[in-house]
Amino acid sequence: MWGGRFAEGPSAIMREINASIPFDKALWRQDIAASKAHVAMLGSQGIVSAEDAQAIADGLDQVAAEYEANGVPENWDLEDIHMVTESRLAELIGAPAGRLHTGRSRNDQVATDFRLWVRDAIDQVDAGLADLQRALVGRAGEHAASIMPGFTHLQTAQPVTLGHHLMAYYEMIRRDRSRFADARTRMNESPLGSAALAGTGFPLDRDATAAALGFDRPTANSLDAVSDRDFALDYLQAAAQCALHLSRLAEELILWASQPFGFVRLPDALSTGSSIMPQKKNPDAAELVRGHAGRIVGCLTALMVTMKGLPLAYSKDMQDDKPPVFEAHGLLALSIAAMTGMVSGSDFRTDRMRQAAELGYATATDLADWLVREADVPFREAHHITGAAVKLAEARGVALDALTLAELQAIDQRIDQRVFAALSVDASVAARASYGGTAPVRVREQIADAKIVLDMES
């Protein structure tokens, strides 16, 4: 492969450290596609004869069929997917195979293949996230009016609806999808034809190869094209943020499935048991999603550190760009599928949720607001009065709206019978009807809007 420059072949250590075929064989579909686009352009430009171009294209189809049927052979002496493919092509069609590499380098070849792979990965992730959104919207529709405690500091704060809570994750995933879409738009330029770093003297039609591969345009600078891995970092940054959102949802399901909460029963198919405790139903899938987030963030960090000090153009360090991206994508795709299954298949215990909202004094803010609005009490004073009411209810072990009028008036005489219309969890939730609020009418509007968007994508 290195021609006549070296008198000896690589040592065993060099052979092992240099070979990337164990992982970059994942690029074989992209490598075949880019090679076919390149040779078609070479033929149309008259750089390669029509006969040789056709022989190469047919040979590449045969190589692809072999890979599809039997996998990619790992020949470490050939280093990478590009040389493994070119070597097999030469075995199949002979001398014309040597013309395939005209006007390109492995530098622009791998940059092109990797962009194509990341673009495909983004499309796969986006489809998975759309399915998760549909699951969230579907379950939110079932529970637009199901009351649960809303938390701050993991302490009961104000009552919300389960539908509202689930739609919060819909919004997070919507932003995740927009980040992946932005990354896809930014990366959709073709490095093919940049050659090693300086371009080539052959009359290539880079617009033609870019169009053939679905890119918007060719890259504008050959030095940048072969050394850029921003597209991989963009993917990993979006993946890391998405993984954090999935981890937050997983954590909530883990908490909710615990006996002290009892808010949800997770699907059997996504839970495990204990080897010694027969009563256990462990939320292992959710815990693994939570754990995968750390690994995905680690993949982002690994590539950022690899790229931080590299001069232009290509350096061999960049061979290590693919493993963290491949690992993160596999983990993220699995995490999305697991969370979609959990959202779709979980049994939400809305009775327990409502009970927790009622006994957690979630309507305390409503009492304070009532005192401000109806009795003209300054808020800080209303806050103090409400605190005394909560203390009494807690001592009696009842919800706020279970206190008698006499008990409330013993705390402050300005409280009257009208207060009870504001103290139930149902009244509290219904009152939060501002745009984006938890009132069922607003939640249903948000769900309807989300369905329109998702239906348009179908």
Tell me which residues come under 5 Å, amide H to amide H, from residue 361 once H is placed; ignore anything under 5 positions away on its chain.
400
Under Stokes-Einstein, segment 34-78 at 25 °C and 0.890 mPa s, with its Kirkwood radius over C-alpha pairs, diffuses with a coefficient in µm²/s of 212 µm²/s
Interchain or sequence-distant (5+) residues whose placed amide H lies within less than 5 Å of the amide H of residue 282 are 272, 273
Using a Förster distance of 60 Å, how high is the FRET efficiency between residue 259 and residue 301, based on the Cβ-Cβ distance and rounded to 0.05?
0.95
At q = 0.06, 0.07, 0.10 Å⁻¹, what is the log10 ratio I(q)/I(0) for the chain, with the Debye formula run over Cα points and no solvent?
-0.42, -0.53, -0.83
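Between residue 51 and residue 351, what length in nm is gained on full extension when 0.36 nm per residue of separation is reduced by their alpha carbon distance?
Roughly 100.6 nm would be gained on extension.
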In nm, spacing of pseudo-spin labels at residue 418 and residue 15 (7 Å Cα→C-beta vector)
9.0 nm
Students often check this: by mean Cβ neighbours within 10 Å, which of 162-168, 201-207, 128-134 ranks highest, and how do the rest follow?
162-168, 128-134, 201-207
Label point at residue 453 placed 7 Å out along Cα→Cβ; residues across segment 179-215 whose backbone nitrogen lies under 14 Å:
179-182
SASA check, residue 48, accessible area w/ 1.4 Å probe, all protein chains in place, rounded to nearest 10 Å², comes out at 10 Å²
Accessible-area ranking of 304, 83, 148, largest first, probe 1.4 Å
304, 83, 148
Hydropathy first: keep DSSP H helices in the chain averaging at least 0.5 on Kyte-Doolittle, then drop any whose Cα extent along the axis falls short of 15 Å, and list what survives.
81-93, 230-257, 284-307, 322-345
If you place +1 on the Cβ of every Lys and Arg, -1 on the Cβ of every Asp and Glu, and leave all else neutral, what size is the dipole of segment 12-102 about its Cα centre, to the nearest 20 Debye?
180 debye
Cross-link reach from residue 36 to aspartates and glutamates, straight Cα distance under 13 Å and at least 8 residues apart if same chain, gives 52, 58, 61, 86, 113
In percent, how large is the relative contact order of segment 294-369, given Cα pairs closer than 8 Å and 6 or more residues apart?
30 percent
Separation of the residue 68 and residue 337 label points, Cα + 7 Å toward Cβ, nm
2.1 nm
Mean Cβ neighbour count within 10 Å, used as a protection proxy, ranking 353-359, 402-408 highest first
353-359, 402-408
Hey, what do the phi angles of segment 209-226 turn into as Karplus ³J(HN,Hα) couplings, whole Hz, using 6.51/-1.76/1.60 and θ = phi - 60°, x for Gly and Pro?
5, 4, 5, 4, 9, x, 7, 6, 6, x, 5, 8, 9, 5, 4, 5, 4, 7
Describe numerically, in nm with one decimal, the distance between label points set 7 Å from Cα along Cα→Cβ at residue 248 and at residue 230.
2.8 nm
Can you tell me the FRET efficiency between residue 90 and residue 435 if r is taken as the Cβ-Cβ distance and R0 is 56 Å, rounded to the nearest 0.05?
0.30
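The values are calculated or read from the model by the stated rules, or taken from the named source; none is laboratory data. Just so we're clear, the structure is a prediction, and the values are computed from it rather than from any experiment. We place every Cβ from the backbone using ideal geometry, glycine too, and count neighbours over all the protein chains shown. Surface areas here come from the heavy atoms of the whole protein model, side chains and all, with no ligands, DNA or RNA. Shrake-Rupley method; radii C 1.70, N 1.55, O 1.52, S 1.80 Å.
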